[in-house]
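Down below is the structure, laid out as structure tokens.
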Amino acid sequence: MRKIAIVTGTRAEYGLLYWIIKGIHTDPDIGLQLIVTGMHLSNEFGLTLETIEKDGFSIADKVEMLLSSDTETAIATSMGLGIIGFAKTYERLKPDILVVLGDRFEIFSAVSAAVPFRIPVAHIHGGESTEGAIDEQFRHSITKMSHIHFPSTKKYAERIGQMGENPENIFCYGAPGLDNIQKLRLLNKEQLAHNLNLPTGKQWALVTYHPETLEKDKAKVHIEAILQSIKEFTDIFWIFTSPNADTEGRTIKKMIENHVKYNQENSKLFDSLGQLKYLSLLRDSVVMVGNSSSGIIEAPSFRLPVVNIGNRQNGRIKAGNIIDVLKLEKAEITTVIKKAISKEFKDSLDKIGNPYGDGNTSDKIVEVLKAFSLSDILRKKFQDL
């Protein structure tokens, strides 16, 4: 039986991987080895390990690597701790193949540790570009350490080929996170309001803002401009989700907590919502503000206007629902939010498609993971263009 290890380190990433994990878990011909790390194991980020366990998945191992600090030194130290922890895990579990998604430092550590163990790696969401985050370097490095690739668009598949990867090992099926929109029974607005204790007399808006990790000491200025801007929209209830465990992430979270404390009639903060509630909010919100990849990948499926702030998502393929704000000042952000919630802009989104696909991705990925020959896969020949 082929043993397939999957590493997950964040709440959002787990949601994107869910149907792949479930597909492997329910297939009698392959074995799931679920390895949990990073924010899943932290109370500060909602201890989403408990969510995974409630979903009925057995956890093969836990790799503690996250420090209670978000400085550059702490992140680099966490990466080192991660490599040590994953080495012990791989020595014990001896997986036949490792599956990872994305571009975070936790995943870079997991893949780096797999190299000396000669474990083939399957990478989901490679070939993308995020010019405002250190994830850019991690992502492309992971691609070069991987052997099977599942990019989300044709353009990203071409980029993986540009990096010398074998085109026969590149499978472009779309973004697996979109399967959630098809397969989950989303909550209606009344259920969501009851579940999250939200007011029904106002429109809702979602705010998810992560640090721009290539910028130093800018997080405070950026989030302050956003918070001052949204104060102008008193007829909207603003729903915040916590930032990731990146450099300056805790600075952003503290400022949001302070804002919510003094604006409870118009705002609320959640550490973790899970895919069901989060996607339900995307469907029922009037606008999304921030720099989350969910605004780029999932929001177009709901034709939700997105105010994309800053450089973090620069380089990603964007649908027509995205309005970029590159000048991070209150007046500019306010102007763009007004445009995003206008009837004219909303009406213009009636016929937009989602460049990341329409779902039905996870089952195809599982089939490749199950059947693809791993014989001699470790010997990679650089494919010249």
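Here, each number is a calculation from the coordinates, and none is a lab measurement. Note that the structure is a prediction, hence the values are computed from the model and not measured. Ideal geometry is used to build each Cβ from the backbone, glycine not excepted, and the neighbour counts take in all protein chains shown.
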Checklist line | Helix-only [θ]222 nm of the chain, DSSP H runs n ≥ 4, -39500 (n - 2.57) each, per residue, nearest 500 | finding: -12000 deg cm²/dmol
Margin query: For the chain, what does the relative contact order come out to in percent, with C-alpha contacts under 8 Å and a separation of six or more?
Written below: 18 percent
Notebook entry, point to check: For Gly85, what is the net charge nearby, where nearby means another residue's Cβ is under 12 Å from its Cβ and Lys, Arg count +1, Asp, Glu -1?
Noted result: -1
Next item on the list: Take the alpha carbon atoms of the stretch 363-381, find their center, do the same for the stretch 125-200, and report the distance between the two centers in whole angstrom.
Entry: 19 Å
Notebook entry, point to check: So how much slack lies between Glu50 and Lys144, counting 0.36 nm per residue of separation and subtracting their Cα-Cα distance, in nm?
Noted result: 30.5 nm
Margin query: I'd like the per residue volume of the convex hull spanned by the Cα atoms of the chain, given in cubic angstrom.
Written below: 132 Å³
Checklist line | Glu158 paired with Gln203, simple spin-label distance in nm, labels 7 Å along Cα-to-beta-carbon | finding: 3.7 nm
Next item on the list: Would you mind computing, in nm to one decimal, how far apart the modelled labels at Asp235 and Asn360 are, each placed 7 Å from Cα along Cα→Cβ?
Entry: 4.1 nm
Next item on the list: Using a 10 Å cut-off on Cβ atoms, rank the peptides 144-150, 79-85, 290-296 from the highest mean neighbour count down.
Entry: 290-296, 144-150, 79-85
Notebook entry, point to check: What are the principal axis extents of the Cα atoms in the stretch 146-286, in Å, biggest first?
Noted result: 55, 41, 22
Notebook entry, point to check: When all alpha-carbon pairs of the stretch 1-100 are counted, what percent fall beyond 21 Å?
Noted result: 33 percent
